[in-house]
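Novice: Provided herewith is a single structure, encoded as structure tokens, for subsequent inquiry.
The values are calculated or read from the model by the stated rules, or taken from the named source; none is laboratory data. These numbers were taken from a predicted model, which means no experiment stands behind them. Here the Cβ positions follow ideal geometry from the backbone for every residue, glycine too, while neighbour counts run over all protein chains shown. We work out accessible area using only protein heavy atoms, side chains counted, and drop any ligands, DNA or RNA first. Shrake-Rupley method; radii C 1.70, N 1.55, O 1.52, S 1.80 Å.
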Amino acid sequence: MKNIAIVTACPSGVANSIIAAGLLEQAATKLNWKATIECQSNVLPVDVLSQEVIDGADAIIIAANTVVDTSRFVGKKVYQGTISECTADTQAWLESASNSAKELTASEVTSIAVTEDTGAKKIVAITACPTGVAHTFMAAEALEEEGKRQGHNIKVETRGSVGAKNQLTDQEIAEADLVIIAADIEVPLERFNGKRLYKTSTGLALKKTEQEMNKAFSDATVFQSSGKAQSSQTEEKKGMYKHLMTGVSHMLPVVIAGGLLIALSFVFGIEAFKEPGTIAATLMDIGGGAAFALMIPVLAGFIAFSIADRPGLAPGLIGGMLASSTGAGFLGGIAAGFIAGYSAKFIADKVSLPQSMEALKPILIIPFVASLFTGLVMIYIVGGPVSGIMSALTEFLNNMGSTNAVLLGVILGCMMCFDLGGPVNKAAYTFGVGLLASQTYGPMAAIMAAGMVPALGMGLATFLAKNKFEAGEREAGKASFVLGLCFISEGAIPFAAKDPMRVIPSCMAGGALTGGLSMLFGAQLLAPHGGLFVLLIPNAITPVFMYLVAIAAGTAVTGFTYAFLKNKADVKEAVAA
């Protein structure tokens, strides 16, 4: 029989510490182990482990979401983990922890207690995501809560769809001990020159906040804006995704405005815009003739801007315009953006000029040479083949049979629900937005409908099976439902983070049904955002009733499936503990 000592602790000393103690005690009993537990609580008497118990223990197991004093365990076999790790499969976790315990040395005690020794730190952070709606603000809130929990002073600037809010001042940056950049797009970093800086994604900042904040303190490096970053292949791949998302994020307002203006022109009749001089024709000129014409140049321009900063913007815009004029579409725009960006960056990094001419590089030499190179490549190499691909893709999508349409809708629906705003979700979304330039509106309709299902479904599940959800989860369900109506899939993230093996398949099942039905019904969507509120614009979505049927069907599948799969025992054990 093993003899172990267990310590549980959480910041509040109320819920998680007590729950973990109860679960671990039950697991130890099932394993026929003798366990002495110290539950660090603010509401229950604390039985502190005696020196005799510590000396006689085969291992010390710590499950905590806060710093625990480990100086008393020097020389003993110790294992430390978080409460969230031990609650999923407590018995298996306890066995693994006991087998993995290692002797604690005095030097390790110092590193473990570093948070207490160093005291409160001043942290500044920026969050930004491609759409600038959900992840931006949810990640900011998570960082603020975690920073306060650890006793630090933190301020987070959000760079969302309405611009920068809660902006950092020069004084706050100067006084900061640490800078955290949680962004999926490029953000200006010059003002942090000389500061310790750590980069991560909004997804990690939201789902693994404690881990990322701890890594920020340990892994942050001094940022030099004039230095040449040395990155691994993995970092470069992440960079390419970030460059693409930067282009998409700047393109979205243009596409949304253009789509809604086109929809407004249809209020006067589907064919009304063909009559010159009418208000319908004017709206079509603004939305289709101007806004949609800018879509691909803006995409390419800001991909290049993300790669090479301002010198890349002009070559990117020119390359994007050539992609539009040659019929290469959004695929050509993406290619133009990367060609322009990397050619501008190559010239900036590799071409050396006399000091007297160095000032001309960013405003004359780089834009001229990179634009010339990008233009020649787009016209003579890339434009023709990509234009052929886009023409074939557009013709296929516009003429495909119902079976192929449904299959495409199912695939797009699954992608939208797989990672709730992550790379797979964004890939499907970018595909749909890109097709708007070629007047192909069906895939975008399926994508937005399916993207609403996860958050709506989680909200429905908390209503259908109230007794299976804690009070906090039921409140989160109400917020999730509202976010779903706005086409913010991220409303389901709190549920997916806690129970991914049940939530994700439930969401994908509902999303697949909704995407397939949307394509089967021939739904068309002109504005790639806004959720059901786009219905306020006549003809932005057609046919309205069947589109709502598709969304309702997928929501029902997700809601009923998760309500059935949700383990009621989770709540019972929490109450019992």
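Novice: Charges on Cβ only, +1 for Lys and Arg, -1 for Asp and Glu, centred on the Cα centroid of the chain; of Pro528, Thr558, Met452, which one is farthest towards the dipole's positive end?
Specialist: So the residue furthest toward the plus end is Pro528.
Novice: Pop out the ³J(HN,Hα) list for the stretch 74-86 in order, Karplus 6.51 cos²θ - 1.76 cosθ + 1.60 with θ = phi - 60°, rounded to Hz; leave Gly and Pro as x.
Specialist: Those phi angles translate into 4, x, 9, 6, 10, 10, 10, x, 8, 5, 4, 5, 7 Hz.
Novice: What nm distance separates the two modelled labels at Ala392 and Val544, each placed 7 Å from Cα along Cα→Cβ?
Specialist: With each label placed 7 Å out from Cα toward Cβ, I get 4.0 nm.
Novice: Related question: Does anyone have the angle between helix 233-265 and the longest principal axis of the chain? Alpha-carbon axes, 0 to 90°, nearest 10?
Specialist: The two axes meet at around 50 degrees.
Novice: Give the relative contact order (percent, whole number) for the stretch 466-561; include only Cα pairs under 8 Å separated by 6+ residues.
Specialist: Dividing the mean separation by the residue count of the stretch 466-561 yields 30 percent.
Novice: Among Ile381, Ile4, what's the order by accessible area (1.4 angstrom probe), most exposed first?
Specialist: Ile381, Ile4
Novice: For the stretch 178-190, just list the computed ³J(HN,Hα) in residue order, Karplus coefficients 6.51, -1.76 and 1.60, θ = phi - 60°, integers in Hz, with x standing in for Gly and Pro.
Specialist: Karplus-based 3J(HN,Hα) across the stretch 178-190 equals 8, 10, 10, 10, 9, 9, 9, 10, 6, 10, x, 10, 4 Hz.
Novice: By how many degrees, between 0 and 90 and to the nearest 10, does the Cα long axis of helix 402-418 differ from the longest principal axis of the chain?
Specialist: 40 degrees
Novice: Continuing with this model, one more query. Just the accessible area per residue of the chain, please: how many Å² with a 1.4 Å probe?
Specialist: Details: 26030 Å² over 577 residues.
On a per-residue basis, the chain sits at 45 Å².
Novice: Round to the nearest 10 and report in Å² the accessible area of Arg149, as given by a 1.4 Å probe over the protein chains' heavy atoms.
Specialist: Using a 1.4 Å probe on the heavy atoms, I get roughly 80 Å².
Novice: Another question, if that's okay. For Leu360 paired with Arg191, estimate the spin-label separation in nm (one decimal), with each label point 7 Å from Cα along the Cα-to-Cβ line.
Specialist: Label-label distance for Leu360 and Arg191, simple model: 3.4 nm.
Novice: On to the next question. Choose one of Ala405, Val433, Gly484: the residue whose Cα lies farthest towards the positive end of the charge dipole of the stretch 389-509 (beta-carbon charges +1 Lys, Arg; -1 Asp, Glu; about the Cα centre).
Specialist: Gly484
Novice: 7 Å from Cα along Cα→Cβ at both Arg310 and Leu520: what's the point-to-point distance in nm?
Specialist: Going by the 7 Å Cα→Cβ label model, 5.5 nm.
Novice: Using protein chains only and a probe of 1.4 angstrom, how many square angstrom of Ser50 are accessible, to the nearest 10?
Specialist: About 50 Å², ignoring ligands and nucleic acids.
Novice: Using unit Cβ charges (K, R positive; D, E negative) and no other charged atoms, how large, in debye to the nearest 20, is the dipole of the stretch 423-577 about its Cα centre?
Specialist: It works out to roughly 200 debye.
Novice: Pop out the ³J(HN,Hα) list for the stretch 213-224 in order, Karplus 6.51 cos²θ - 1.76 cosθ + 1.60 with θ = phi - 60°, rounded to Hz; leave Gly and Pro as x.
Specialist: Going residue by residue, I get 5, 5, 5, 4, 5, 8, 10, 4, 10, 5, 8, 10 Hz, with x marking Gly and Pro.
Novice: Note the per residue figure in Å³ for the convex hull of the C-alpha positions in the stretch 360-435. Please report the intermediate quantities before stating the final value.
Specialist: Working: hull volume 8.7 nm³, N = 76.
Expressed per residue, the convex hull around the Cα atoms of the stretch 360-435 is 114 Å³.
Novice: Related question: Cα axis of helix 471-485 to longest principal axis of the chain: angle in degrees, 0 to 90, nearest 10?
Specialist: The angle comes out near 10 degrees.
Novice: Volume per residue, Å³, of the convex hull around the alpha-carbon atoms of the stretch 483-537? Mind showing how you got there, number by number?
Specialist: Details: hull volume 4.0 nm³, N = 55.
That works out to 72 Å³ per residue.
Novice: Please report the carbon-and-sulfur percent of the accessible area for the stretch 424-533; probe 1.4 Å, protein heavy atoms only, DNA, RNA and ligands left out.
Specialist: Percent of accessible area from carbon and sulfur atoms in the stretch 424-533: 70.
Novice: On to the next question. Leaving out ligands, DNA and RNA, and with a 1.4 Å probe, what % of the accessible surface on the stretch 248-314 is carbon or sulfur?
Specialist: Result for the stretch 248-314: 71 percent of the exposed heavy-atom area is carbon or sulfur.
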